[in-house]
Amino acid sequence: MRKNVAVPLVFGIIGVAVLVSLGKWQVDRLAWKEGVLADIEARISADPVPLPDQVDRVADRYLPVTVRGRIETRILRVLVSQKRVGAGYRLISPLDTGARRVLLDRGFIRVGDDIPDPPDARVTVTGNLHWPDDRLESTPPNDVAGNMWFARDVGRMAEVLGTEPLLVVAREVSPPDAGVAPLPVDTSGIPNDHLEYAVTWFSLAVIWAGMTGFFIRRQMRAGKEAKA
């Protein structure tokens, strides 16, 4: 095999092999991530239990709980956006069980809507314990003085409202918290881009193979023309 064909062929084979291996790695990561998400979804939808006396933020993340108490009127507003709805706020209020005071993520209202008062009675809240990771590099600092939060900083919110640093994200409130739409914990915010990455790597492998074949054909054609 002539050198002008052998060299690009070797580089082409190596390049395709590397790109295919990267695609295969992303396929393996996809299977792993889907297993993780399935485990989280199973935890979220499990039967609720009473609020534990001692909470482990790793072991008890997503733990379904049932809590009874009064929702206090103090409110922190967390700016969020909902698809097909637009901008709004998550409402965070203290929930007083009588023995404990914890943070309650009541749910969503639209920007411009009046903030509704909580039910004037003891409520039963079914939800999940959560330590959200809302902050990105582009997330502005929370404006505590102006009551405009851009991330649910559980520790800082607990300091402001005088509660335990423990957040219950409501799934259902009875009697209903009128005017507030619950935003329960789910896995939609957990990224899973491995399929897109796998398609990208496999597509690059096909392109690399096609470019290699085109270059080799051109080299062979040039060689024939040089002999003619």
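Values in this text are rule-based calculations from the coordinates and carry no lab data. Everything numeric in this text was worked out from a predicted model, so none of it was measured. Don't worry about glycine lacking a Cβ; one is built from the backbone with ideal geometry, like all the others, and counts go over all protein chains shown.
If amide hydrogens are placed 1.01 Å from N in the peptide plane, which non-local residues have theirs closer than 5 Å to the one on residue 171?
Excluding prolines and chain starts, which carry no amide H, the hits are 126, 127, 128.
Using a Debye calculation, one point per C-alpha and no hydration shell, please list log10 I(q)/I(0) for the range 114-228 at q = 0.18 Å⁻¹ in order.
Results for the range 114-228 at q = 0.18 Å⁻¹ read -1.11.
So which DSSP H runs in the chain come out at 27 Å plus along the axis (Cα) with average Kyte-Doolittle of at least 0.0?
In the chain, the long hydrophobic H runs are 3-44, 194-227.
Specify which residue in the list 125, 115, 148 is farthest towards the positive end of the charge dipole of the range 44-150, using unit charges on the beta carbon of Lys, Arg (+1) and Asp, Glu (-1), about the Cα centre.
115
Calculate the dipole size of the chain relative to its Cα centre from +1 charges on Lys and Arg beta carbons and -1 charges on Asp and Glu beta carbons; express the result in debye to the nearest 20. The partial results should precede the final answer.
Details: 29 positive and 28 negative charges, 360 e Å.
The calculation lands at about 1740 debye.
Two decimals is fine: what's Rg over Rh for the range 12-81, C-alpha atoms, Kirkwood radius as Rh?
Across the range 12-81, the Cα-based Rg/Rh ratio is 1.28.
When only alpha-carbon atoms are used, what values of Rg and Dmax, in angstrom, describe the range 63-174?
13.5, 41
Return the ratio Rg/(2.2 N^0.38 Å) for the chain, where Rg is computed over Cα atoms only.
Against the empirical 2.2 N^0.38 Å value, I get 1.58 for the chain.
Under 5 Å between amide hydrogens, which residues at least 5 positions from residue 134 or on another chain qualify, with H placed 1.01 Å from N in the peptide plane?
When sequence neighbours closer than 5 places are left aside, the close amide H contacts are 152.
Counting only residues 5 or more places away or on other chains, whose amide H sits under 5 Å from the amide H of residue 80 once H atoms are built in the peptide plane?
Residues meeting the amide H criterion: 88, 89, 90.
Using the number of other C-beta atoms within 10 angstrom as an exposure proxy, rank 139, 200 with the fewest first.
139, 200
Report the FRET efficiency, 1/(1 + (r/R0)^6), for residue 220 and residue 32, where r is their Cβ-Cβ distance and R0 is 41 Å, rounded to 0.05.
0.40
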